[in-house]
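Remarks on the structure that follows.
The values are calculated or read from the model by the stated rules, or taken from the named source; none is laboratory data. All of these numbers come straight from a predicted model, not from anything done at the bench. Glycine gets a Cβ as well: all are built from the backbone with ideal geometry, and neighbour counts include every protein chain shown. Surface accessibility is based on the protein's heavy atoms, side chains included, excluding ligands, DNA and RNA. Shrake-Rupley method; radii C 1.70, N 1.55, O 1.52, S 1.80 Å.
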Amino acid sequence: SGLKSAATWSRVETLQICRECCGGQGFLAKNRIGTYKTDCDVDVTFEGDNTVLMQQVAKYLLDQASSRKEIPLPKRSPRDKDFLSPDHLLALFEYREWQLTSAISKDMKEKGQDGYDANLDKVVRLGWAYTERMCLELFSQKVNSADHRVQPVLATLMKIFALSRIEKDL
């Protein structure tokens, strides 16, 4: 659910940025941006609306959290001196997911369903946090197993992805 939402929203966003960067030329049919964007806009609601799918991801995480007395802190700690190291970036992503899960869970324990409903914006952000953490973990694994000649390029691309997600969440 989360990957479908992330992929389709990213495509829509990317095509919108491309169109804007082209100025008036971005509206011309010959560059096909509009055609692709129209096709991608529909994908956001195919197989379920993306917002609902992200809520579904978060609900799964919250259900798991509710079965525990306390939600444990992530195992990694964002204390690495190299801010751009994969471990440090993953620790930041894990902490964001933990923080959102803890905050929503606390409200749900105190207020029940009203706690969930009052935090729908955070619920969607939790879906994103989980999906982006999973993507970063998989990306990191692929970088480590890639041919040594392309590892530096893939590592840079992974860092750009991570920093862009961090910036978007600020």
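For this structure, a couple of remarks:
- A search for C-beta distances below 7 Å between a residue of the stretch 62-76 that is part of a helix (DSSP H, G or I) and any residue that is polar (S, T, N, Q), counting only pairs 6+ apart in sequence or on different chains, returns Leu62/Thr101; Leu62/Ser105; Ala65/Thr101; Ala65/Ser105; Ser66/Ser105.
- The residues of the stretch 69-102 that are of a type in the set (A, V, I, L, M, F, W, C) and either surrounded by 14 or more Cβ atoms within 10 Å (Cβ to Cβ) or closer than 21 Å to Val143 by Cβ (or both), listed by number, are Ile71, Phe83, Leu84, Leu89, Leu90, Ala91, Leu92, Phe93, Trp98, Leu100.
- Only a single item in (1) under 30 Å from Thr14 (Cα atoms); (2) assigned to a loop (DSSP other than H, G, I, E, B); (3) of a type in the set (D, E, K, R) is not met by Lys142, and it is number (2).
- For the stretch 103-132, a residue qualifies if it is of a type in the set (S, T, N, Q) and open to solvent by less than 20 Å² (accessible area, probe 1.4 Å), and the qualifying residues are Ser105, Asn119, Thr131.
- Subset of the stretch 79-125 [farther than 19 Å from Val52 by Cα, assigned to a loop (DSSP other than H, G, I, E, B), within 21 Å of the chain's Cα centre (by Cα) and not aromatic (Phe, Trp, Tyr)]: Leu84, Ser85
- Every pair of residues 6+ apart whose Cβ atoms lie under 8 Å, when the first sits in the stretch 102-125 and is modelled with pLDDT under 95 while the second is of a type in the set (Ser, Thr, Tyr) and crowded, with 17+ Cβ neighbours inside 10 Å: Asp107/Tyr116; Met108/Tyr116
- Index of the failed condition, Arg149 passing every other in (1) farther than 26 Å from Ala7 by Cα; (2) surrounded by 14 or more Cβ atoms within 10 Å (Cβ to Cβ); (3) without any contact (Cβ under 8 Å) to a residue 24 or more places away in the chain: (2)
Quick grid of which residues meet (1) farther than 28 Å from Asp121 by Cα; (2) surrounded by fewer than 14 Cβ atoms within 10 Å (Cβ to Cβ):
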position	(1), (2)
Arg11	no, no
Thr14	no, yes
Gly26	yes, no
Thr35	yes, yes
Thr38	no, yes
Val42	no, yes
Phe46	no, yes
Asp49	no, yes
Met54	no, no
